[in-house]
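**Student:** Sharing a structure, written as structure tokens. Questions coming.
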Amino acid sequence: MPVGHSSRVGLPLRPRRLLRAASCPALLVTHRQSPFRVCPASHLRSMGHGRELVDVTPRSPLYAGLQRKIIFLTLLVSFVPLVLLGGTLYWQFSRIYREKIDEQLRYRAATHGNAVDLFLSERTAFLSAIADTHSLEYMLQPGNLASLLEVMNLRVGGFVDLGVIASDGRHLAYVGPYHLEGLNYYDQPWFVQVMSRGLYISDVYMGYRQVPHSVIAVRHQEKGRIWILRATIDSDVFTKLVRGAQVGRTGDAYLVNGDRINQTAPRFSGEGAVLAQSRIDPSKFGEGTTVLAEPGPEGRNRLYAGVWLRNAKWLLVISQDPAEKMLGLSQARNLEIGIVIAGALAIIFTVILTTRLMVKKLVEADRAVCEMNAQLVQSDKLAAMGKMAASVAHEVNNPLAVISEKTGWALDLLEEEEFQQSKNLEEFRRSLRKIEEHVERARKVVHNMLGFARRMEPHTEDVDINQVIDQTISLLENYARTSNIDIQTHLASDLPIIASDQAQLQQVFLNLVSNAIDAIGNGGSIEVSTRQLDGNIYVNVKDDGPGMTPDMQKKIFEPFVTTKSGGKGTGLGLWVSLGIVEKMGGTITVESKVGKGSTFTVKLPIVVPEKK
């Protein structure tokens with residue numbers, strides 16, 4: 001019998017060398033037919049080897065440390081310039097962007113201040129023209145003052161009412177929504193100012209109407225009589241004009257007088273209301289347009305741009321939350337950060353990949369040297385075993401020949417008459433045949449030991465493939481029955497007898513069928529079929545198990561690769577089977593789909609036996 005096969009039940013045995021290999025976690029060096037391990041000397045001593053092998057396991061800690069150092073230094077050299085460049089670009093861009101925001105806010109304050117000044121100038125000039133072109137008697141006549149107010153709103157707009165006041169403060173005529181006829185304004189601050197200056201735009205005040213408002217008043221003298229033409233500015237129109245300077249969700253625009261009193265309502269309550277004290281100190285704003293950063297009502301810094309009007313002692317304030325204006329900068333920053341992160345990830349990926357490839361090449365080169373050393377050790381081992389095998393074969397074969405000869409002689413003696421009457425005759429015959437069987441088994445063990453040392457080719461004999469398959473399945477029927485698995489055969493009747501090694505072929509088929517049973521687990525079917533095609537015999541072992549992924553199919557014939565759960569397989573069966581079949585000039589292939597099972601195909605050349 002060949003090494004790795006039991007004469008009693010035909011089950012495959014794992015060669016002792018392979019079992020030792022499976023227990024050693026060091027480097028595996030494989031030949032096509034002869035696997036061996038190169039393990040640390042201490043491990044070899046524990047397994048009882050006669051002499052120690054050099055430990056050629058790749059120096060993993062050394063390579064791991066080298067890989068970390070290369071990655072660290074490369075990333076450091078790559079990231080420092082990248083971070084410095086990104087930070088410098090962002091700082092420069094941020095500074096320019098802030099300057100641009102300040103300039104835009106300053107420009108908007110200046111242009112809108114001119115617009116408010118123009119609004120007041122137009123209405124002041126139009127009111128003065130009305131006073132100069134119409135007499136007091138005309139204005140006091142019923143209906144004329146209303147006509148003048150209508151003309152004023154048609155031409156320039158923005159007036160609420162119109163009134164004529166005498167030099168003693170009496171309201172001589174009035175047209176508008178309020179009842180102000182007969183009132184005396186002699187003690188009102190605006191009256192004093194217009195009498196002294198001749199033209200006056202008042203701050204916002206409550207007055208008799210108890211509504212915040214501002215008036216434009218001009219003094220006129222006619223035939224020795226002094227009177228005042230006064231018009232009230234439409235607060236809604238004026239506030240809308242002022243707020244036209246605000247931009248965005250957080251922008252605001254309003255007027256403040258020199259006493260820090262709001263002249264128009266700010267957009268946000270935190271800035272105060274009309275006639276309330278403003279958060280802004282007007283004294284901080286000088287000539288021209290000034291931009292300041294001050295804490296806003298929400299606690300964050302806001303940008304305030306202020307410009308003093310020419311026609312009134314009012315400060316036009318435009319405020320803006322810089323965060324809103326910096327949104328573009330934030331987007332640019334986020335884009336830059338994204339680019340930097342993407343670049344960093346690309347650098348990290350590239351550095352790690354190239355470093356690992358480089359270290360892998362070093363490890364492979366080291367492993368190649370180790371394998372060469374291991375092959376030298378194995379060659380030395382096989383040479384020594386070959387010398388020993390010749391001596392052992394001679395010493396063992398001689399007593400085996402004597403035992404075989406004496407067993408045949410004993411069988412011949414049983415044919416004599418005196419033994420024929422023995423009631424134990426058949427028992428004697430069975431025992432002697434058993435002795436012959438085990439003598440033959442011992443002879444094959446010696447033959448395989450020589451084959452191990454000399455790498456002999458398979459033992460050639462006449463083989464009926466169908467018969468080998470039937471014998472193999474009969475050995476596994478009980479095992480399959482306990483797992484509720486049905487084994488079916490479809491064997492071609494025209495298969496020729498070929499010259500091959502029956503024991504080794506039985507080991508191949510035994511491995512394939514037992515693997516199929518293990519793959520199915522419980523409940524399923526296995527189909528074994530044979531056919532002849534193009535000078536070859538094909539044996540298919542098909543199961544309806546879970547199947548294999550494409551990646552697993554690529555490496556299923558490698559040593560120590562198995563789909564079985566831990567502890568249930570060593571991953572050597574298919575590898576050994578492939579070696580046996582390839583020695584015979586054949587091949588083993590696999591087709592599998594996940595969830596649909598697997599099919600292993602053994603292709604054997606038809607070798608016609610020699611005539612005996």
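**Student:** In the list 124, 74, which residue meets the criterion of being within 52 Å of the chain's Cα centre (by Cα) and touching a residue at least 12 places away in the same chain (Cβ under 8 Å)?
**Tutor:** Working: 124 fails: within 52 Å of the chain's Cα centre (by Cα).
Within the list 124, 74, the selection yields 74.
**Student:** Additional query: Which members of the range 469-497 meet the condition of being over 50 Å from the mean Cα position of the chain (by Cα) and crowded, with 20+ Cβ neighbours inside 10 Å?
**Tutor:** 469, 472
**Student:** To continue, here is another question. Has the range 515-537 got at least one residue that is under 18 Å from residue 590 (Cβ atoms), acidic (Asp, Glu) and in a helix (DSSP H, G or I)?
**Tutor:** So far as the range 515-537 goes, yes, one or more of its residues are under 18 Å from residue 590 (Cβ atoms), acidic (Asp, Glu) and in a helix (DSSP H, G or I).
**Student:** Right, another one. Could you please tell me which pairs satisfy a Cβ distance under 6 Å, a separation of 6+ or placement on different chains, a first residue in the range 542-557 that is under 16 Å from residue 522 (Cα atoms), and a second residue that is in a helix (DSSP H, G or I)?
**Tutor:** 543/516; 543/519; 543/520; 545/519; 545/520
**Student:** Within the range 158-198, restricting attention to residues that are under 20 Å from residue 118 (Cα atoms) and out of contact with any helix residue (DSSP H, G or I) (no Cβ under 7 Å at 6 or more places or on another chain), which residue is modelled with the highest pLDDT?
**Tutor:** Among those that are under 20 Å from residue 118 (Cα atoms) and out of contact with any helix residue (DSSP H, G or I) (no Cβ under 7 Å at 6 or more places or on another chain), it is 160.
**Student:** I'm trying to understand the selection: among the residues of the range 252-291, which are surrounded by fewer than 19 Cβ atoms within 10 Å (Cβ to Cβ) and small (Gly, Ala, Ser)?
**Tutor:** Selection gives 258, 269, 270, 273, 276, 283, 286, 288.
**Student:** Within the range 134-163, can you find the residues that are of a type in the set (Val, Ile, Thr) and buried (at least 18 other Cβ atoms within 10 Å of the Cβ)?
**Tutor:** Across the range 134-163, the qualifying residue is only 160.
**Student:** On to the next question. Can you pull out every residue in the range 590-606 that is of a type in the set (A, V, I, L, M) and not in a strand (DSSP E or B)?
**Tutor:** The answer is 594, 606.
**Student:** Return the only residue of 371, 364 being within 42 Å of the chain's Cα centre (by Cα) and at pLDDT below 75. Even if it seems obvious, please write down each step before you answer.
**Tutor:** Details: 364 fails: at pLDDT below 75.
Result of the check over 371, 364: 371.
**Student:** Still on this model: Counting only residues that are in contact with a Pro (Cβ under 9 Å, 6 or more places away or on another chain) and among the β-branched types (Val, Ile, Thr), how many does the range 71-104 have?
**Tutor:** Of the residues in that region, 1 qualify.
**Student:** Taking residue 194, is it among the hydrophobic types (A, V, I, L, M, F, W, C), in contact with a strand residue (DSSP E or B) (Cβ under 6 Å, 6 or more places away or on another chain) and assigned to a helix (DSSP H, G or I)?
**Tutor:** Numbers: among the hydrophobic types (A, V, I, L, M, F, W, C): yes; in contact with a strand residue (DSSP E or B) (Cβ under 6 Å, 6 or more places away or on another chain): yes; assigned to a helix (DSSP H, G or I): yes.
Yes, satisfied.
**Student:** Just one of 587, 530 is among the β-branched types (Val, Ile, Thr), in the same structural domain as residue 495 (by TED's automatic domain parsing) and buried (at least 16 other Cβ atoms within 10 Å of the Cβ); which is it?
**Tutor:** Sole residue among the options that is among the β-branched types (Val, Ile, Thr), in the same structural domain as residue 495 (by TED's automatic domain parsing) and buried (at least 16 other Cβ atoms within 10 Å of the Cβ): 530.
Results for (1) of a type in the set (Asp, Glu); (2) in contact (Cβ under 8 Å) with a residue 24 or more places away in the chain; (3) more than 24 Å from residue 193 (Cβ to Cβ); (4) assigned to a strand (DSSP E or B), shown as yes or no for each residue.
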residue	(1), (2), (3), (4)
297	no, yes, yes, no
303	no, yes, yes, yes
316	no, yes, no, yes
323	no, yes, yes, no
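**Student:** Would you point out the residue of the range 164-196, among those that are more than 19 Å from residue 125 (Cβ to Cβ) and in contact (Cβ under 8 Å) with a residue 60 or more places away in the chain, that is surrounded by the most Cβ atoms within 10 Å (Cβ to Cβ)?
**Tutor:** Filtering the range 164-196 for residues that are more than 19 Å from residue 125 (Cβ to Cβ) and in contact (Cβ under 8 Å) with a residue 60 or more places away in the chain, the one surrounded by the most Cβ atoms within 10 Å (Cβ to Cβ) comes out as 165.
**Student:** Another question about this same structure. Looking at 407, 350, 355, can you tell me which residue is at pLDDT 80 or above, surrounded by 16 or more Cβ atoms within 10 Å (Cβ to Cβ) and under 30 Å from residue 76 (Cα atoms)?
**Tutor:** Numbers: 407 fails: under 30 Å from residue 76 (Cα atoms); 350 fails: surrounded by 16 or more Cβ atoms within 10 Å (Cβ to Cβ).
Exactly one of 407, 350, 355 is at pLDDT 80 or above, surrounded by 16 or more Cβ atoms within 10 Å (Cβ to Cβ) and under 30 Å from residue 76 (Cα atoms), namely 355.
The values are calculated or read from the model by the stated rules, or taken from the named source; none is laboratory data. Just so it is clear, the model here is predicted, and its values are computed rather than measured. With ideal geometry, Cβ positions are generated from the backbone for all residues, glycine too; neighbour counts draw on all protein chains shown.
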